[in-house]
Amino acid sequence: MLVTLDSRDDRPLYLQIVDQVRRALLDGTLRAEDPLPSVRELAGELVVNPRTVSQAYRELEGEGVIYIRRGQGTFVAPNIHPDRRERRPLVRGVAERALIEARRNGLGVEELVTMIRELAAEDGGERSPSTTAVRSGEEGGAA
Amino acid sequence: MTHTNASASDYAVSTHGLCKRYGRDTALDQVGLRVPDGAVYVLVGVNGAGKSTLFKLLMNLERPDAGTAEVFGLDTGRAGSEVRAQVGYVPDRQDAPYRSMTSARLLRHAAAFYPKWDHAYADHLTHALGVPPQQRVGGLSKGETRRLQLVLALAHRPPLLLLDEPTDGLDPVVRRRALALLAEHLADAPTTVLMSTHHVHEVESLADHVGVLRDGRLVAQMTREELRRTVRSYQLEVPDGWAPGELHAVELRRSSAGRDVRCTLVGEEQQVTQRLTASGARVRQVSTLALEDAALAFLSEDAS
C-alpha cells in the first residue's frame, strides 16, 4: 500500500490516511491479515507527525478495519468485507466534499445530483477515467 | 515522561513577559511562549524577528532583560546546566571551540557528557545524514556542520529539542531525509520540539502548534487545527464601491480583480461569513490555507 498525502486537500491528514487505507481495501491492494506499515515507518515515509498516523490507526481500529497484535504490528482485520463495510464511508466522504463545494458555489443538491447523472450518462456508463488509470490489472472490480 | 523535576505545568517550555534588548534594539518584547508537552511547535517569523534570541535565552546563553523562562518547570536562568542536559539544541551558528576535533572525536566527546547517549543511534544518524567522520569540524561545509549538529542534538534522545533552522544549508534531498529522521525520532520516544524554519511548507505535516514572531512580539500562538479553522481565504463578489468597513480590523491580505476580492480573514468561518454578508459581499468560496500562508498572514501589513 502506498499512501500519498495531498497538501491541497482541506481534510485533516489523519482522515486522508484513513481514506487511503479504505481505498486500498476496496481495490484489493490491501487484503485480510495483510500487515500495515508501522507508525514509525509511515511517519518517516510521509514526514508527518507520528501522532497523526496513530490517530488514523486508532480510527481504523475503532471501526474494526485493522487490529494491533502486540509486539508484532498492525494488520488488516481477518473478516474484512470491503464492499459492504468500506464503500459507505468512502462514498460519504466524496459526497460531503461535493456538497461543500456546491454550497460554496450557491448550488442546490438537486442541481448537483442531476448534473452528476448527466455527466455519468455522457461517459456512457464507463468507469471514470481516473479509476481505470489507477487500477491497472484489476480483476472485475467491486461494482 | 522520563525527565525529572517536571512541575505540575503541562508545558515543556513556557516564558513569561520575556524581554531582550541589544542596545536600543528590542529583540524580544513581552513574549509569553507556551509549548505543551509533546508538541511539535513551529516558530515562524522573518529574519530578525527574535527567533534565535528566544532559543539562546532558553539555553541560558543570553540573559533576559525582563521576564522568565521555564523548561520542564526549571528556571532557565537559575538551572541552566540542568536544562541543557535535557535539551538537544541545533544553534543558528556553528560553535567555535571544537574546530580542531574530527566529527568522530567530537561525537565521542559529547557522548561522555550525556548518560543517555545512544551510540548505535548516533552511528545510524551519522550514516543516514552523511556526516564525514574523519573531517575536522573547522573544515566542514555549512551543510555538513548542520548534519553533525543534528546528530549531536538527537543522539542522547533528550525530552526537548530546540531546533533553530535545523535544515538551513542542507540540500533538498538531505532536508527531507533529516525531517524523516525527525519524524521517526518522535515515534521512538515522547519528545517535545520547538523549531524555527524558513521552509515552513516542509514541516507542514509535522507541526501541531504554531507561533508567529513579528518584531520581537509573539503576535499569534495556537494549535495547527485552530490556525486551520480560524485563518481562511475568502473569495468574495462585492458590489461597486464596496468597502470592508469594520472587517478592516481583521483583514490581513487583499487582492482584487473587478468585483472579485480575495482576502485572508481571521475568525470563525460562520461569523466572518455573516459579517461579510451583512456588508453586502457575497461569499463565493472559502478555503483553508497552507500553514505557511496562514502564518504569513500575521506577518503582512494590514490592507490599506
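The values are calculated or read from the model by the stated rules, or taken from the named source; none is laboratory data. Because the structure is predicted, anything quoted here is derived from the model rather than measured. Reconstructed Cβ throughout: ideal geometry from the backbone, glycine too, with neighbour counts over all protein chains shown. Remember, those area values only see protein heavy atoms, side chains included, never the ligands or the DNA or RNA. Shrake-Rupley method; radii C 1.70, N 1.55, O 1.52, S 1.80 Å.
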Review point. For B:V219, are the conditions met, namely being more than 9 Å from chain A (Cβ to nearest Cβ), in a strand (DSSP E or B), within 30 Å of B:A66 (Cβ to Cβ) and open to solvent by less than 30 Å² (accessible area, probe 1.4 Å)?
Key: no
Exercise for review: Quick one: which residue in B:R147, B:R136 is in contact with a Leu (Cβ under 9 Å, 6 or more places away or on another chain), basic (K, R) and touching a residue at least 12 places away in the same chain (Cβ under 8 Å)?
Suggested key: B:R147
Review point. Only one of (1) in contact (Cβ under 8 Å) with a residue 24 or more places away in the chain; (2) away from every other protein chain (no Cβ under 14 Å); (3) more than 30 Å from B:V200 (Cβ to Cβ) fails for A:R23. Which number is that?
Key: (3)
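Condition (residue is of a type in the set (D, E, K, R) and within 12 Å of chain A (Cβ to nearest Cβ)) applied to region B:151-170: is it met by at least one residue?
No, region B:151-170 contains no residue that is of a type in the set (D, E, K, R) and within 12 Å of chain A (Cβ to nearest Cβ).
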Check your understanding: When only residues in region A:99-127 that are open to solvent by 60 Å² or more (accessible area, probe 1.4 Å) and among the basic types (K, R) count, which is farthest from the other protein chains (Cβ to nearest Cβ)?
Key -> A:R127
**Study point:** Selection status of B:E225, in a helix (DSSP H, G or I), of a type outside the set (K, R), farther than 27 Å from B:K56 by Cα and open to solvent by 10 Å² or more (accessible area, probe 1.4 Å)
**Key:** yes
Point to revise | A:E96 vs. criteria away from chain B (no Cβ under 14 Å), free of Cβ contacts under 8 Å to residues at least 24 places away in the same chain and within 22 Å of B:E226 (Cα to Cα) | key: yes
Study note, to complete from the structure: Of all strands (runs of 3 or more DSSP E) fully inside region B:1-90, the set with 1 or more residues that are open to solvent by 10 Å² or more (accessible area, probe 1.4 Å) and touching a residue at least 40 places away in the same chain (Cβ under 8 Å) is B:11-22, B:25-31, B:34-36, B:66-71, B:87-90
Review point. Does B:G17 satisfy the condition of being of a type outside the set (S, T, N, Q) and touching a Leu at 6+ places or on another chain (Cβ under 9 Å)?
Key: no
Study note, to complete from the structure: The correct count of residues that are in contact with a helix residue (DSSP H, G or I) (Cβ under 8 Å, 6 or more places away or on another chain), under 29 Å from B:H16 (Cβ atoms) and within 12 Å of another protein chain (Cβ to nearest Cβ) in region B:183-199 is 3
Check your understanding: Could you say which residue among A:T29, A:T74 is in contact with a helix residue (DSSP H, G or I) (Cβ under 9 Å, 6 or more places away or on another chain), surrounded by 14 or more Cβ atoms within 10 Å (Cβ to Cβ), more than 24 Å from B:E204 (Cα to Cα) and within 14 Å of chain B (Cβ to nearest Cβ)?
Key -> A:T74
Check your understanding: Across region B:269-292, what is the total count of residues that are away from chain A (no Cβ under 13 Å) and open to solvent by 70 Å² or more (accessible area, probe 1.4 Å)?
Key -> 4
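One line per residue, one yes/no per condition, for (1) open to solvent by 20 Å² or more (accessible area, probe 1.4 Å); (2) within 23 Å of B:Y41 (Cα to Cα); (3) at pLDDT below 95; (4) not hydroxyl-bearing (S, T, Y):
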site: B:A110; (1), (2), (3), (4): no, no, yes, yes
site: B:D118; (1), (2), (3), (4): yes, no, no, yes
site: B:Y121; (1), (2), (3), (4): no, no, no, no
site: B:H124; (1), (2), (3), (4): yes, no, no, yes
site: B:Q135; (1), (2), (3), (4): yes, no, yes, yes
site: B:S141; (1), (2), (3), (4): yes, no, yes, no
site: B:A155; (1), (2), (3), (4): no, yes, no, yes
site: B:L160; (1), (2), (3), (4): no, yes, no, yes
site: B:A178; (1), (2), (3), (4): no, yes, no, yes
Study note, to complete from the structure: Scanning region B:99-108 residue by residue, those open to solvent by 70 Å² or more (accessible area, probe 1.4 Å) and under 25 Å from B:L182 (Cα atoms) turn out to be B:R105, B:R108
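Pick out the one residue from A:L15, A:L46 that is under 12 Å from the mean Cα position of the chain (by Cα), open to solvent by 20 Å² or more (accessible area, probe 1.4 Å) and closer than 30 Å to B:E292 by Cα.
A:L15
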Review point. If we scan region B:95-102, do we find a residue that is under 27 Å from the mean Cα position of the chain (by Cα), within 22 Å of B:S141 (Cβ to Cβ) and assigned to a helix (DSSP H, G or I)?
Key: no
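Are there strands (runs of 3 or more DSSP E) fully within region B:228-278 with at least 3 residues that are at pLDDT 75 or above? List them.
Hits in region B:228-278: B:231-237, B:260-266.
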